[in-house]
Amino acid sequence: MKNSNEEIDELIKSALSQEEAIYYNELEEQSLLDMAIGVYRGKLKWLAILTAVVMIVVFGLAVYCLIQFLDAENTKDMILWAAGMFGAMMVSSMLKLFHWMQMDKNAILRELKRVELQVGVLTAKLAEN
C-alpha cells in the first residue's frame, strides 16, 4: 500500500507545475512539533495564545492547591484544596484537549487541500484531452 501511495504522489508531482509542486510539498504530513506550532498560526492565533497562558496559570494554581493540600491540618481544608486542585487540573486538561483538536483540524484541512489540488490537476488533465 505504501508503494502505491508513493507512486501516486510521484505521479501527481510530475503532473504539477513547479509552483504547484512547491505548494503540494508544503501540504505533506507534519511532525508533532510542527503540528503543535501550527496551532499558533492563522486566524485563531490569539485564542491559542490566550488558552496557553490560561493553561499555565491554571496549572500553577493546581500546584499551589497541592502544596496547600499537603500543609492542611484538618479534613475540611484538605477536601477543599483537593477539590480546587481537581478543578484546576480539569480546566487544564480541557484546554489541552482544545489544542489537540485544533491540531487535528489543521491536519484534516491540509489533507482536504491536497485532495482539492489533486482534483484540480485531474480536471486540468481531462480538459487537455
**OP:** State the extension gain, in nm to one decimal, for the chain segment bounded by ALA36 and ILE67, taking 0.36 nm per residue of separation less the distance between their alpha-carbons.
**Re:** 8.1 nm
Original post:
Using the Karplus equation 6.51 cos²θ - 1.76 cosθ + 1.60 (θ = phi - 60°), what ³J(HN,Hα) coupling, rounded to whole Hz, does each residue of the stretch 28-43 give in order, writing x for Gly and Pro?
Top reply: 4, 5, 9, 6, 4, 5, 4, 5, 5, 5, x, 5, 8, 10, x, 5
**OP:** Please sort 108-120, 57-69 by packing, taking for each peptide the average over its residues of neighbouring beta carbons within 10 angstrom, highest first.
**Re:** 57-69, 108-120
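No lab work stands behind these numbers, since they all come straight from the coordinates. All values reported here derive from a predicted model rather than from experimental measurement. Note that we place each Cβ from the backbone using ideal geometry, even for glycine, and neighbour counts take in every protein chain shown.
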